[in-house]
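Undergrad: Okay, handing you the structure first.
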Amino acid sequence: MIILNQYLQKVSVIGAGGKMGAGIALLLLILMAEEQNGRLVAVDVSEIALSGLKKYLKQQLLRHAEKNINRLRTLYANDPKLVSNEEIIDAFVCQAFERVDFTLHLEDVRGSLAIFEAAVEDIASKTAIFESIKAINGNKAWIFTNTSSIPIALLNDRAKMENRIIGFHFYNPPLVQKLVEIIELPQNPDELKQIAKDLGKSLHKTMVYSRDIAGFIGNGYFIREILYTFQKWDKSDLGLQRIETVTKDFLLRPMGIFQLIDYVGLDVVRNILAIMRMALPDDSFNTDGIDAWLALGIKGGQTFDGQQKNGIFEYVKGKPSAFFSLTQKKYVPLAKDLQIGEPPLGLTWHKEPLGKERLDEYFTALAAEKTPGAKLAKDYLHEGKKIADKLLKDRVASSIEDIATVLKTGFYHLYGPRNEF
Ligand code: NAD
């Protein structure tokens, strides 16, 4: 950790005003504030994004301080001026906030030894950023890119990074999601690999290593499941709602596949598909399904403070209340009776793990069910296992346990790939 502390002395986050950048900046800032060490340079090209970031950091630092007041009492134990909870919380928030320099100028990363990149998912933009950083900083910093699909080797080659770049892929939102996928290059210096590991530990993340293949484990799975969805979907309005209900309720997930597409954003999903198609030409990563919606201006995604925007669904208080009918070209109410039956045992998704026995019981009951919903759920479970097998065969993941960890800690699934379907 000594080496890590040395790197924290000046850390930069590029794209700090974005969804992921803001979360990454917050995590690093909390770490710095608790270690009482370091400065954070928050860079973004958008002034609006930076002012949103300021608001977000203040709110979240306050929340963090309130939740962790006992730890902060120990941290400030030697300061006789700080007595009440309020004084300690105030001191923590102010001191943490003072560690940040907000800037529109990339030149301000000069002198950083660690730089986190969380700008848009686009090869040319990321390459241009890395080239500029090199010109400013003389290729001295270690670069941690948050790309969720672009091969790190490709970025390394295009921007001539001399292996000083590593994939450090947080999940959305970074503060909450436990998972970080780490994508090493074989030629990464040991020091960089070690810093990435120490950092993951210090941020209390669950780290899973993925091979450097477009999409890595997370999107390698998710994007293939989307493609499967477009194959299964008969393009009818009822068909969409059936798939949504099955992939949520019957598969015991927090949201169905179409809501998950909205959550990520249709344009982001499209970009990832296009990157995977370019990098993996043997696979059929076509964007047709997503393009049909995008052409009608259906985008989804989230506002800065995590509110879901309308996309395939229209949202009221974060919950789907209507869906966009491609046949009627407007939002229409959700159908009441989907005629697919009910998931067995009355189980639903819980944030807490269900336990192996209860899950086995559920899947045994599901296997015996003959309703259209159960049948479709079994098709998805079968496909999920096929996707997992492909990720293993291509050595994207080194074990089925790693895939299960990604699904559970990155997507809130209650279980990993199942063998019995
Ligand atoms: P976003 O659009 O919310 O944020 C990107 C930010 O980068 C914006 O504030 C933008 O102004 C800024 N930016 C763009 N070009 C810049 C430049 N040249 N210099 C500095 N700032 C620049 O995007 P996001 O969803 O936060 O995604 C960021 C990265 O994280 C992408 O690589 C994405 O694939 C990855 N990622 C996203 C998610 C997700 O669910 N959104 C999850 C995991 C990883």
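Since every read-out is calculated from the coordinates, none of them should be taken as a lab result. As the structure is a computational prediction, the values presented were derived from the model and not from experiment. Quick reminder, even Gly has a Cβ in these numbers, built from the backbone with ideal geometry, and neighbours come from all protein chains shown.
Undergrad: Round to the nearest 10 and give me the degree value, 0 to 90, for the angle of helix 123-137's Cα axis relative to the longest principal axis of the chain.
TA: Taking Cα atoms only, the helix is inclined about 10 degrees.
Undergrad: Against the longest alpha carbon principal axis of the chain, how many degrees, from 0 to 90 and to the nearest 10, is the axis of helix 85-98 turned?
TA: With both axes taken from Cα atoms, the answer is about 80 degrees.
Undergrad: Rounded to the nearest 0.05, what FRET efficiency is calculated for LEU280 and GLN187 with R0 set to 22 Å and r the Cβ-Cβ distance?
TA: Between LEU280 and GLN187 the formula returns 0.50.
Undergrad: Continuing with the same structure: Going by average Cβ neighbours within 10 Å, how do the peptides 372-379, 213-220, 359-366 rank, with the highest at the top? Intermediate results must be reported in sequence, preceding the final value.
TA: Numbers: 372-379: 18.8, 213-220: 24.2, 359-366: 16.9.
So the peptides 372-379, 213-220, 359-366, ranked by packing, come out 213-220, 372-379, 359-366.
Undergrad: Which of the listed residues, ASN5, ASN271, THR247, is farthest toward the dipole's positive end in the chain, when Lys, Arg count +1 and Asp, Glu count -1 at the beta-carbon?
TA: Comparing the listed Cα positions along the dipole, THR247 ranks first.
Undergrad: If each of ARG63 and SER236 carries a label point 7 Å out from its Cα toward its Cβ, how far apart are those two points in nm?
TA: Once both label points are built, they end up 4.2 nm from each other.
Undergrad: With +1 assigned to the C-beta of every Lys and Arg and -1 to the C-beta of every Asp and Glu, and no other charges, what is the dipole magnitude of region 1-56 about the Cα centre in debye, to the nearest 20?
TA: On the way: 5 positive and 4 negative charges, 17 e Å.
For region 1-56, the charge dipole is close to 80 debye.
Undergrad: Taking 30 Å as R0, compute the FRET efficiency from the Cβ-Cβ separation of LYS54 and LYS201 and round it to 0.05.
TA: Details: r = 29 Å, r/R0 = 0.96.
Efficiency computed from Cβ-Cβ geometry: 0.55.
Undergrad: Quick one: length gained pulling GLN9 to ASN163 fully straight, 0.36 nm per residue minus the C-alpha distance?
TA: Working: separation 154, 0.36 × 154 = 55.44 nm, distance 2.20 nm.
Using 0.36 nm per residue and subtracting the Cα-Cα distance, I get 53.2 nm.
Undergrad: Subtracting the Cα-Cα distance from 0.36 nm times the residue separation, let me have the gained length for GLU34 to GLU131 in nm, one decimal.
TA: Length gained, GLU34 through GLU131: 31.6 nm.
Undergrad: Can you give the FRET efficiency for LYS370 and GLN307, using 1/(1 + (r/R0)^6), R0 = 35 Å, r = Cβ-Cβ distance, to the nearest 0.05?
TA: Working from the Cβ atoms, E equals 0.30.
Undergrad: Now a separate question. What is region 338-405 by shape, rounded, prolate or oblate, if you read a ≥ b ≥ c off the alpha carbon gyration tensor as root eigenvalues and call it rounded for a/c under 1.5, prolate for a/b larger than b/c, and oblate otherwise?
TA: Cα axes put region 338-405 in the oblate bin.
Undergrad: May I ask which residue of HIS105, GLN60, GLY355 lies farthest towards the positive end of the charge dipole of the chain, with charges of +1 (Lys, Arg) and -1 (Asp, Glu) on Cβ and the Cα centre as origin?
TA: It is GLY355.
Undergrad: Taking the Cα centre of the chain as origin and charging only Cβ (+1 Lys, Arg; -1 Asp, Glu), how large is the dipole, in debye to the nearest 20?
TA: Once rounded to the nearest 20, the dipole reads 280 debye.
Undergrad: Here is a further query. Determine the gain in length on full extension of the stretch ARG110-GLN194; use 0.36 nm per residue of separation and subtract their C-alpha separation, reporting nm with one decimal. Please report the intermediate quantities before stating the final value.
TA: Numbers: separation 84, 0.36 × 84 = 30.24 nm, distance 2.29 nm.
Gain on stretching ARG110 to GLN194: 27.9 nm.
Undergrad: Also, I was wondering about something else. Angle check, please: helix 400-410 long axis (alpha carbons) against the longest principal axis of the chain (alpha carbons), in degrees 0 to 90, nearest 10.
TA: Helix 400-410 and the main axis of the chain meet at about 70 degrees.
Undergrad: Also: Given labels modelled 7 Å from the Cα in the Cβ direction, how far is it in nm from ASP122 to GLU225?
TA: So the two model labels end up 2.9 nm from each other.
Undergrad: For the chain, what does -39500 (n - 2.57) per DSSP helix run (n ≥ 4), summed and divided by total residues, give at 222 nm, in deg cm²/dmol to the nearest 500?
TA: Numbers: 16 runs with 201 residues, N = 421.
Per the formula, -15000 deg cm²/dmol.
Undergrad: What percent do you get for the relative contact order of region 142-243 when only Cα pairs under 8 Å and 6+ apart count?
TA: 25 percent
Undergrad: Label the chain by shape, choosing from rounded, prolate and oblate, from the square roots a ≥ b ≥ c of the eigenvalues of the Cα gyration tensor; if a/c is under 1.5 it is rounded, and otherwise prolate applies when a/b is larger than b/c, oblate when it is not.
TA: It comes out prolate by the Cα gyration axes.
Undergrad: Which peptide among 328-337, 154-163 comes first, and what is the full order, when sorted by highest mean count of other Cβ atoms within 10 Å?
TA: Descending packing order for the listed peptides: 154-163, 328-337.
Undergrad: Same structure, new question: Which one of ILE195, VAL41, HIS413 is farthest out on the positive end of the charge dipole of the chain, using unit charges on Cβ (Lys, Arg +1; Asp, Glu -1) and the Cα centre as origin?
TA: Result: HIS413, furthest along the dipole toward the positive end.
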